Amino acid sequence: MSLLTKDYRNLQADEIGIIGIPLDENSSFMRGPAKAPQLIIDAIQSDSANYFTENLTNLKGHPRVFWCGNVPFDGYLDISTPVGEILGAGAIPFTLGGDHSIAYPIIRAMSRKYPKLNIIQFDAHGDLYDELDGNRHSHASPFARIMENGLAGSLTQVGIRTMTQHQKEQGERFGVKVIQMKDWTADLEFHLEGPTYLSFDMDALDPAFAPGVSHHEPGGFSTREVLTMIQKLNLDIVGCDVVEYNPDRDVNGVTAMVAAKIVKELLARLLQDRPAK
Ligand code: MN
Ligand code: MN
């Protein structure tokens with residue numbers, strides 16, 4: 001027995017449904033992340049490691065954690081539909097991308113249930129472009145769409161190291177709290193009241209730790225720094241995504257294992273913070 005599996009339509013209240021969204025058509029530089037979800041699950045289930053998280057949560061056959069496979073959707077914006085169905089059942093969506101454009105339809109569904117949702121975005125990039133290459137659904141734009149549609153009560157970005165004048169203005173326009181990598185310190189704490197969504201772009205990590213991403217942006221987090229931040233979160237997390245793993249750029253599957261480790265530690269966090277009623 002490994003991770004339990006279940007059709008996402010059969011999830012029950014308080015269960016965590018890990019779903020794959022194999023969409024990379026909104027990537028600006030190269031495709032590849034569509035192949036990521038199953039590969040991250042394969043890394044979690046690899047015989048080279050065990051299923052325990054660092055706080056000794058055993059994910060093997062865990063009764064509240066289910067891999068639901070890649071879920072069906074009818075085009076980009078319809079990604080909101082399966083996420084909305086999971087939320088409707090009272091379950092917790094944990095999405096594996098896919099490129100970061102999927103955050104907009106995911107948050108559209110989340111905001112219907114949590115109108116003042118806080119978002120924490122780990123990323124090398126702000127993803128606040130009004131459009132990129134004429135595409136308003138570019139993976140460089142989801143947080144512009146989210147904020148201009150009033151889908152979040154707050155957005156906090158961590159790890160940014162690609163600021164531009166346009167994105168600085170967009171961030172100010174939308175009241176985004178931007179913690180640039182150059183200003184980050186290890187004692188950072190997040191103080192957010194109410195439901196919080198965590199969106200994790202794998203390129204927040206330094207490419208030395210996670211080469212399997214489309215956009216190598218040096219000067220990022222170590223794997224340990226990210227894990228420590230996750231373990232220190234003390235928030236009401238109501239959903240997560242891990243996006244932008246690009247297996248075509250990976251080296252010996254090392255980034256898949258890093259993504260798997262981040263997913264595992266986020267699952268531990270969710271299980272700890274949202275005990276079954
Ligand atoms: Mn991103
Ligand atoms: Mn990025």
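The values are calculated or read from the model by the stated rules, or taken from the named source; none is laboratory data. Remember, it's a predicted structure, so these values are computed and weren't measured experimentally. Note: ideal-geometry Cβ built from the backbone for every residue, glycine included; neighbour counts use all protein chains shown.
Evaluate the following for Gly219: is it at pLDDT 95 or above, within 16 Å of ligand 2 (Cβ to nearest atom) and more than 17 Å from the chain's Cα centre (by Cα)?
Numbers: at pLDDT 95 or above: yes; within 16 Å of ligand 2 (Cβ to nearest atom): yes; more than 17 Å from the chain's Cα centre (by Cα): yes.
When the stated conditions are applied, Gly219 passes them.
Suppose we filter Gly153, Gly159 for residues that are closer than 29 Å to Ala109 by Cα, more than 16 Å from ligand 1 (Cβ to nearest atom) and among the small types (Gly, Ala, Ser); which single one remains?
Values: Gly159 fails: more than 16 Å from ligand 1 (Cβ to nearest atom).
Checking each option against the conditions leaves just Gly153.
Of all residues in the range 202-225 being in a loop (DSSP other than H, G, I, E, B) and in contact (Cβ under 8 Å) with a residue 60 or more places away in the chain, which is farthest from ligand 1 (Cβ to nearest atom)?
Applying the first criterion (in a loop (DSSP other than H, G, I, E, B)) to the range 202-225 yields 206-220, 222.
Filter once more, keeping what is in contact (Cβ under 8 Å) with a residue 60 or more places away in the chain: 214-215, 217, 220.
Numbers: Ser214: 10, His215: 8, Glu217: 10, Gly220: 12 Å.
Filtering the range 202-225 for residues that are in a loop (DSSP other than H, G, I, E, B) and in contact (Cβ under 8 Å) with a residue 60 or more places away in the chain, the one farthest from ligand 1 (Cβ to nearest atom) comes out as Gly220.
Considering only residues that are of a type in the set (S, T, N, Q) and more than 15 Å from Met202 (Cα to Cα), which ones fall in the range 12-34? Before you say what the answer is, go through the steps one by one.
Here is the first cut: in the range 12-34, the ones of a type in the set (S, T, N, Q) are 12, 26-28.
Matches in the range 12-34: Gln12, Asn26, Ser28.
Specify the residue that is nearest to ligand 2 (Cβ to nearest atom); the eligible residues are those in the range 107-143 that are touching a residue at least 60 places away in the same chain (Cβ under 8 Å) and among the aliphatic types (A, V, I, L, M).
Among them, the one singled out is Ala124.
With the condition kept exactly as written, say whether any residue in the range 252-275 is within 16 Å of ligand 2 (Cβ to nearest atom), in a helix (DSSP H, G or I) and either free of Cβ contacts under 8 Å to residues at least 12 places away in the same chain or under 25 Å from Ala152 (Cα atoms) (or both). Show your work before the answer.
Residues of the range 252-275 that are within 16 Å of ligand 2 (Cβ to nearest atom), as a first pass: 255, 258-259, 262.
With in a helix (DSSP H, G or I) added as a condition, the list becomes 255, 258-259, 262.
Narrowing the set further to residues that are either free of Cβ contacts under 8 Å to residues at least 12 places away in the same chain or under 25 Å from Ala152 (Cα atoms) (or both) leaves 262.
Yes, the range 252-275 has at least one match.
Condition check: hydroxyl-bearing (Ser, Thr, Tyr), out of contact with any Cys (no Cβ under 6 Å at 6 or more places or on another chain) and within 16 Å of ligand 1 (Cβ to nearest atom). Does Thr228 satisfy that?
On the way: hydroxyl-bearing (Ser, Thr, Tyr): yes; out of contact with any Cys (no Cβ under 6 Å at 6 or more places or on another chain): yes; within 16 Å of ligand 1 (Cβ to nearest atom): no.
Considered against the rule, which asks whether it is hydroxyl-bearing (Ser, Thr, Tyr), out of contact with any Cys (no Cβ under 6 Å at 6 or more places or on another chain) and within 16 Å of ligand 1 (Cβ to nearest atom), Thr228 comes out as no.
Looking at (1) hydroxyl-bearing (Ser, Thr, Tyr); (2) surrounded by fewer than 21 Cβ atoms within 10 Å (Cβ to Cβ); (3) not in a loop (DSSP other than H, G, I, E, B), can you tell me which one Tyr197 breaks?
(2)
Scan the range 135-150 residue by residue and report those that are assigned to a loop (DSSP other than H, G, I, E, B), under 16 Å from the mean Cα position of the chain (by Cα) and either more than 13 Å from ligand 1 (Cβ to nearest atom) or of a type in the set (A, V, I, L, M) (or both).
First, pick out the residues of the range 135-150 that are assigned to a loop (DSSP other than H, G, I, E, B): 136-141, 149-150.
Remaining after also requiring under 16 Å from the mean Cα position of the chain (by Cα): 139-141.
Answer for the range 135-150, where residues must be assigned to a loop (DSSP other than H, G, I, E, B), under 16 Å from the mean Cα position of the chain (by Cα) and either more than 13 Å from ligand 1 (Cβ to nearest atom) or of a type in the set (A, V, I, L, M) (or both): just Ala140.
Just to be sure before I move on: is Asn50 farther than 22 Å from Asp201 by Cα, touching a residue at least 60 places away in the same chain (Cβ under 8 Å), away from ligand 2 (no atom under 16 Å from the Cβ) and surrounded by fewer than 18 Cβ atoms within 10 Å (Cβ to Cβ) in the structure I sent? Explain how you work it out, then say what you get.
On the way: farther than 22 Å from Asp201 by Cα: yes; touching a residue at least 60 places away in the same chain (Cβ under 8 Å): no; away from ligand 2 (no atom under 16 Å from the Cβ): yes; surrounded by fewer than 18 Cβ atoms within 10 Å (Cβ to Cβ): yes.
No, not satisfied.
Quick one: Thr164 ticks every box in (1) of a type in the set (Ser, Thr, Tyr); (2) within 12 Å of ligand 1 (Cβ to nearest atom); (3) over 20 Å from the mean Cα position of the chain (by Cα) except a single one, so which number is it?
Tallying (1) of a type in the set (Ser, Thr, Tyr); (2) within 12 Å of ligand 1 (Cβ to nearest atom); (3) over 20 Å from the mean Cα position of the chain (by Cα), Thr164 fails exactly one: (2).
Would you check if Pro22 is more than 15 Å from Leu267 (Cβ to Cβ), buried (at least 24 other Cβ atoms within 10 Å of the Cβ) and not β-branched (Val, Ile, Thr)?
Numbers: more than 15 Å from Leu267 (Cβ to Cβ): yes; buried (at least 24 other Cβ atoms within 10 Å of the Cβ): no; not β-branched (Val, Ile, Thr): yes.
It is false that Pro22 is more than 15 Å from Leu267 (Cβ to Cβ), buried (at least 24 other Cβ atoms within 10 Å of the Cβ) and not β-branched (Val, Ile, Thr).
With respect to Asp78, is the statement that it is of a type outside the set (Lys, Arg) and in contact with a Ser or Thr (Cβ under 8 Å, 6 or more places away or on another chain) true? If you could, list the steps in order and put the result at the bottom.
Numbers: of a type outside the set (Lys, Arg): yes; in contact with a Ser or Thr (Cβ under 8 Å, 6 or more places away or on another chain): no.
Considered against the rule, which asks whether it is of a type outside the set (Lys, Arg) and in contact with a Ser or Thr (Cβ under 8 Å, 6 or more places away or on another chain), Asp78 comes out as no.
State which residue is surrounded by the most Cβ atoms within 10 Å (Cβ to Cβ) when the search covers only the range 108-127 and only residues that are more than 10 Å from ligand 1 (Cβ to nearest atom) and closer than 18 Å to Ala204 by Cβ. Let's see the steps before the verdict.
First pass over the range 108-127, keeping only residues more than 10 Å from ligand 1 (Cβ to nearest atom): 108-120.
Next, only the ones that are closer than 18 Å to Ala204 by Cβ stay: 118-120.
Working: Asn118: 22, Ile119: 25, Ile120: 23.
Applying the filter and picking the extreme gives Ile119.
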